[in-house]
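Everything on this sheet refers to the single structure shown next.
No value in this document is a laboratory result; all are computed from the given coordinates. Small disclaimer: the values here were computed from a predicted structure and weren't measured. Quick reminder, even Gly has a Cβ in these numbers, built from the backbone with ideal geometry, and neighbours come from all protein chains shown.
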Amino acid sequence: MIHLSIDIETFSSINLGKAGLYKYVQSPDFEILLFAYSLDGEPVQIVDLAQGEKIPFSILQMLADPRVIKHAYNAPFEWYCLNKFYYSPLEQWHCTMFHGLYCGYTAGLAATGTALGLPEDKKKMGIGKALIRLFCLPCKPTAKNGHRTRNMHYHEPEKWNLFKEYCKQDVVTEMEIENRLSAFPVSDQEQRLWELDQRMNADGVKVGQELIEGALYCHQTITDSLMEEAISLSGLDNPKSVQQLSKWIEQETGEETADLTKETVKSLIKITDNDVVKRMLEIRQELSKTSVKKYTAMKEAVCLDGRVRGLLQFYGANRTGRWAGRIVQVQNLPRSYIETLSHARDCVKGRKIDALKLIYGSVPDTLSQLIRTAFVPSKGNLFVDADFSAIEARVIAWLAGEQWRIDVFNSHGKIYEASASQMFGVPIELIKKGNPEYALRQKGKVAELALGYQGASGALIAMGALNMGLTEEELPEIVRRWRSSNKRIVDLWYSIENAAISVMKTGQAAGVKNIIIAHEGDYATGQDFLTITLPSGRKLFYARPFIAQNDWGKDSIQYHGMNQNTKKWETVPTYGGKLVENIVQAIARDCLAENIKRLSELGYKVVFHVHDEVIIDCPKEYADLDRVCEIMSQPIPWAQGLPLGADGFTAEFYKKE
């Protein structure tokens, strides 16, 4: 095989960060400025397309040649950009960013280079962002620049030459990263899944533009009205300012206000006897009930054909390999509680603000609940939405061999009631509405949501236990009862942790259930990983692992990764429950991936997916929910005995049932 490494620099008047790759490239003024490449690691060549140079014919042939693997750091960008003018099949591309994510590193060429410890001559040039702003983005017309809206190569010839060096250096960095990771290649099945994901992102999903425009109009009208009322009531310049409003409330009531968080405002509304202050707080509450950022994001990203593309980032979640949301963040959409969604949508499309107020009360809250419904199927189609039922609970039960839980999922599936029954020794038949024992269901529910990954009282509180009518004094007993009822899951935490520590100490691989833990490295490239091989054959990677003592003076596994709080590459501690969480979520991800492939092979068009849910854009005559759920519930060859189940709905717009 021949390897062709590529980096390009481009121009478009569309904002790449806000609108996404696909709308950016579809802009009529999009062009490729520079094309840098290297064949099989040879010195990097650059083609200055902006100055009229042509890509060599032999290289153009290689773009379409199946015997030539094309590499780029963010390959979807190069692939989609080049295919606007040339021809290069997706299956011939390998993405080095994905390879880095697969091996436990972070995203970003510079960040990955730093994490890998690349020498200075192999790192990305730090001046790149300034050069991209100069040549790749429109510029503001001023008298000084002759009122031009774009900087060309001839305006800054010295910086243009530096820009070309920067482009070449990106190829050098990409090749070095790929070389460092070469001993740990991406599996064929993950490469095929990456290709399927790119096609799904490129196809996109249709959005209801009339609804989006109506929502933005209603929001602006209501906001203007509320702001006008707030200014009239308070005399403040900016009633949205926490500082100004807090000071005003103190002046009006004589009481100091520590903050104006959602909960504080809710509490103050209940206790204040000052009608003007109460109304000001209600206005603040109303204004904060929703943000139209997601509607704005859809409007920014929608292409000429009415579709939004690039909603998901493949392998976006560190270690587990789950997808991450992009542009609209479909994994983080508000829930809807309105029963008459279709009518509410019609009111928004018709900009009937008075009707919205009369029927639904809060307009901002209504707009928030309708965000999901902005995603719609193609003309003449329906959405078939199917969701795995309690997939993580099923996976951990199967992995640990917790038979009573497996029996629940193979029968009635009422895990909250069954958990409460096990914890408190009450027949499950009594835990039903109308019986005093039904109160135990809430304890079973919060325990199930919080305790599966070695959480204790703190995890219960974080899951909202105190807001569910439970007291802090009750929590340790709930933890004790849950662990006593799930001894095999508890044993799984400690077995995984002990195996990982043993592997690090002895260098010998260890097996726990269907999991293999190993310490793998490559002396030539300096790579060092703790790896966990899943039942699917996919590996999870923990970079540069070592053993250190934890806060309790015990041996614990630590590795280098992205700290989710600081967003920095640093030492990250882990433990049995956390490793089990990674494993369970990764297996659940593999179950979803397996079914996306199954559905696609059967001709179903998955337009996007959220957590453990697939959304299919399907002609009405083929919109068979039972068939889709049956497909998703079928056994997976590498997960024999895993009790899978799915449920869902068909609809004319996306929603959450």
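A few notes on this one:
- If the Kirkwood radius is taken over C-alpha pairs of the chain, then at 25 °C and 0.890 mPa s the Stokes-Einstein diffusion coefficient equals 87 µm²/s.
- With at most 14 neighbouring Cβ atoms within 10 Å, loop chymotrypsin sites (Phe, Trp or Tyr not before Pro) (DSSP) excluded, longest segment of the chain: 338-522
- The aspartates and glutamates within cross-link reach of residue 266, meaning a Cα-to-Cα straight distance under 20 Å and a gap of 8 or more places when in the same chain, are 229, 250, 252, 255, 256, 275, 282, 286, 365.
- Here the contact order of the chain, divided by its residue count and restricted to Cα pairs under 8 Å and six or more residues apart, works out to 14 percent.
- Shape category assigned to the range 17-129 from the gyration tensor of Cα positions, a/c cut at 1.5: rounded
- Per-pair calculated FRET efficiency, R0 = 45 Å: residue 550 and residue 251 via Cβ, rounded to 0.05: 0.35
- If the chain linking residue 346 and residue 225 were pulled fully straight, counting 0.36 nm for each residue of separation and taking away their Cα-Cα distance, it would gain 41.4 nm.
- When the C-alpha to C-alpha distance is required to be over 25 Å, the pairs from 70/164; 206/349; 247/289; 293/352; 84/168; 294/414 that qualify are 294/414.
- Three-way shape label, the range 403-485, alpha-carbon gyration tensor, a/c 1.5: oblate
- The local environment of residue 313, defined by Cβ-Cβ distances under 12 Å, has a net charge of +1 under the rule Lys, Arg +1 and Asp, Glu -1.
- Rounded if a/c under 1.5, otherwise prolate or oblate - the range 36-87, Cα gyration tensor axes: rounded
- For the chain, the longest site-free run once trypsin sites (Lys or Arg not before Pro) in DSSP loop states with at most 11 other Cβ atoms within 10 Å are removed: 145-334
- The range 476-496 and the range 536-572: distance between their alpha carbon centers, rounded to Å: 23 Å
- Helical segments meeting 20 Å axial Cα length and Kyte-Doolittle -0.5 threshold in the chain (DSSP H): 209-234, 487-506, 576-601
- For the chain, calculated [θ]222 nm from helices alone, where every DSSP H run of n ≥ 4 adds -39500 (n - 2.57): -13500 deg cm²/dmol
- Other residues whose C-beta falls under 12 angstrom from the C-beta of residue 242 contribute a net charge of +2, scoring Lys and Arg +1 and Asp and Glu -1.
- Cβ-defined net charge surrounding residue 272, 14 Å radius [Lys, Arg +1; Asp, Glu -1]: -2
- Whole-angstrom gap from the range 355-387 to the range 129-167, using each part's C-alpha centre: 43 Å
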